[in-house]
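Asks: Once you've had a glance at the structure underneath, I'll fire off some questions.
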Amino acid sequence: MPRKRKTVQNNENPVKSNWRVSFLFLIVVVIAGVVMGRLYKLQILEHDKFEARAADQYEFFEQLSANRGNIYIRDGQDNLIPVAINEDKASVVVVPKNIRDTEGVIKTLATALELDEKQVRKKVTKENDYYEIIKRKITQEQADIIKSKNMAGVDLVMESWRSYPEGQLAAQTIGFVGYKENERVGQYGIEGEFNDELEGESGYIRAERDGTGRWISLSQRILEKPENGADLVLTLDQTAQYYVESLLEESVNKYGASSGSILVMEPDTGKVLAMANYPTYNNNEFSKVEDIGVFQNNCVSSQYEPGSIFKPVTASIPLNLGLVNPNTTYQDKGYYKVDEYTIKNSDEKVYGTVSLTEFLELSLNTGAIWAMKTAGQAKFHQYLKDYGFGQKTGIELEGEVKGDIRNLGYNREVNFVTAAFGQGISVTPIQLVTAFSAIVNGGELMKPQIVEKVIYNHKDKEKEAVVDSEVIRRVIGEQSSKSMRSMLISVVENGWGKKAKVPGYLIGGKTGTAQIPAQDGNGYSDDTIHSFIGFAPAQDPKFVTLVKLDKVNAVRFAADSSALVTGKLNKFLLDHYHVFPTEEIDEKEMEKFNKLMELKEEDLKRIKEQDSDEGAEGFVPID
């Protein structure tokens, strides 16, 4: 009998079955995605990292550092004096895990290196640290002591460091090499401005090695030699720089000033022969400086209202336009009214008929206003721009600022009136010296030059590049320049600049006692800046000088401070550069000159107490 087929009934829901299949498929896709993502990360994204790890196992690579270029100045002749060089000095390093006598190492290092024992202990007892630097740039004596102790876990490592053989000489002009974000770079001055050129380019050596780390002799070795940094020769004269710095320090202290600057420039070339600021610092010990403001080179980085030493700039404009000559006169009433202001001469006197030359001799504010208005506001503004005010001179030093003559852009008469005698605008010392050089050198504005030569050390070759003097533009004509020289000689012979005279020479220049704006922005404070800008010898100027003393307390006027300092500076420079006398030397004049140069503190006190009008060229009564 045929068997009946048994039928089994499936009660499972088809929808539920499909969901399970989909879920399993999703899991497979996710797992596959993770695997593929991991493979993509390892093989594509992190390919370079793993390749580098592999290369580390069979490749040798070492970076070869370049030597930083040296910086030189001249000794007045052709001899070069190094002012920034490289020196190898030892640093003390400890490897904590290798130290056997911990207490002995701590006490020895603290004593030999003159360090705090707690600080040394903190580094020596560090755990899980491969090495610690205890002290850098130790002396040879300290290195000999450490070496003689032969302490396990203590090593001496030689490092190349920047050294400044002349100490604080031209410190703010040269700058220094310090750490910036864990990297040693040039900062301030030449070191900062020319960091890339001085630093050079690193090289490297690459080769294959075996499992023990030794080079494989038959493998290819690649050697890329480092390219050492360029050497720089500056325009500074070592002897002049030493004298200027010494004179400036002496003058700041003698006249009770807070600070000061002196600049010396060749007017025909724009070369800076000396540039000094006080207070200053020693580049070898820059880390000890508490006020970082001292790193700033105020000759290029500080701007101020110049006061009356700006009047020659104003006088040169209508003169060059052919609107006046040295004998052209105006009627001085002793004051000038503009808007709600009445501006008077500094001595509040009325002089009547006054020539262009006499206005400079007497340093009359009304004369400066007359000269400006004769030229016209538009021409006056344009000439200030042509002289380089309100813009950087381009001197190759880090931190140069451009001064400020923006208020002339508002076209308000009162702004032009005050700018005519050097107030309401700000300039830098380097701008003043550069513009004044153009006034006396025949009329050409020269680019200030601080680098004379660049010596490139390319591979095994040496190549010199002399930096030529650069004429920016002609500002005034030669005849106008000649007339300005004559008038400025008269200022020294007959005006407030008498104390800058040097027996046997004709000297030209202008004093300025400039008021300092009040900190609250309302008017001016009682503090003043004493300046003298001049040139010598008058017939063929070899140098232009600026002496600037800030917040002078010992005397009231620049005629009794910066003018005297300029006289002393001129005497040195004329002797140093062997400039023969152009006039007959009078014995009585020389005796008087020597006495002026040796004024004592009691003499200065007497001068201040006299409270005379002499030298009162800077104050500007405004009612």
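Asks: Taking the Cα atoms of the chain, report the difference between the largest and smallest coordinate on each principal axis, in whole Å and largest first.
Replies: Principal-axis extents of the Cα atoms in the chain, largest first: 154, 77, 49 Å.
Asks: In terms of modelled amide H atoms, which long-range or inter-chain residues lie less than 5 Å from the amide H of V289?
Replies: none
Asks: Quick one: work out the % antiparallel among DSSP beta bridges in the chain, nearest 5.
Replies: Working: 86 of 90 bridges.
If we restrict to bridges inside the chain, about 95 percent are antiparallel.
Asks: Can you sort T374, T328 so the residue with the fewest Cβ neighbours within 10 Å comes first?
Replies: Numbers: T374 19, T328 16.
Ascending number of Cβ neighbours within 10 Å: T328, T374.
Asks: What is the range 86-163 by shape, rounded, prolate or oblate, if you read a ≥ b ≥ c off the alpha carbon gyration tensor as root eigenvalues and call it rounded for a/c under 1.5, prolate for a/b larger than b/c, and oblate otherwise?
Replies: prolate
Asks: Charges at C-beta only: +1 for Lys and Arg, -1 for Asp and Glu. How large is the resulting dipole of the chain about its Cα centre, in Debye rounded to 20? Intermediate results must be reported in sequence, preceding the final value.
Replies: Details: 75 positive and 92 negative charges, 787 e Å.
Dipole about the Cα centre, nearest 20: 3780 debye.
Asks: A further question follows. Rg/Rh for the range 313-376 to two decimals, with Rh computed the Kirkwood way over all alpha-carbon pairs. Don't skip to the end; give the middle numbers.
Replies: Working: Rg = 11.2 Å, Rh = 11.7 Å.
We get a ratio of 0.95 for the range 313-376.
Asks: Let me ask something additional. What list do you get for D560, D575 if you sort them by fewest beta carbons within 10 Å?
Replies: On the way: D560 27, D575 10.
In increasing order of surrounding Cβ atoms, one gets D575, D560.
Asks: What is the local net charge at Y505, summed over the other residues whose Cβ is closer than 13 Å to its Cβ (Lys, Arg +1; Asp, Glu -1)?
Replies: Details: positive: K501, K542, K571; negative: E493, D540, D575, E583, E584, D586, E589.
Charge balance in the 13 Å sphere: -4.
Asks: Between beta-carbons, use under 11 Å as the cut-off and find the net charge around P448, counting Lys and Arg +1, Asp and Glu -1. Spell out each step's value before the answer.
Replies: Values: positive: K271, K392, K447; negative: E266, E396, E400, E470.
Residues near P448 contribute -1 overall.
Asks: A further question follows. As a check on your grasp of the helix formula, calculate [θ] at 222 nm for the chain: sum -39500 (n - 2.57) over DSSP H runs of n ≥ 4, divide by the residue count, round to the nearest 500.
Replies: Numbers: 20 runs with 214 residues, N = 623.
Theoretical 222 nm ellipticity from helices: -10500 deg cm²/dmol.
Asks: Which lysines, if any, have their Cα less than 27 Å from the Cα of K123, not counting same-chain residues under 8 positions apart?
Replies: Qualifying lysines at Cα under 27 Å: K89, K97, K107, K135, K137, K147, K149, K180, K288.
Asks: Spelling out what I want: for every residue of the range 233-238, take phi, set θ = phi - 60°, compute 6.51 cos²θ - 1.76 cosθ + 1.60 (Karplus), and round to whole Hz; glycine and proline get x.
Replies: Values, residue by residue: 10, 8, 7, 5, 9, 4 Hz.
Asks: With θ taken as phi - 60° and the coefficients 6.51, -1.76 and 1.60, list the Karplus ³J(HN,Hα) couplings across the range 493-499 in order, rounded to whole Hz; mark glycine and proline as x.
Replies: Using θ = phi - 60°, the values come out as 6, 10, x, 6, x, 4, 6 Hz.
Values in this text are rule-based calculations from the coordinates and carry no lab data. This one's a predicted model, so the numbers in the text were calculated from it and none came from an experiment. For neighbour counting, all protein chains shown are included, and Cβ atoms are generated from backbone atoms with ideal geometry for every residue, glycine included.
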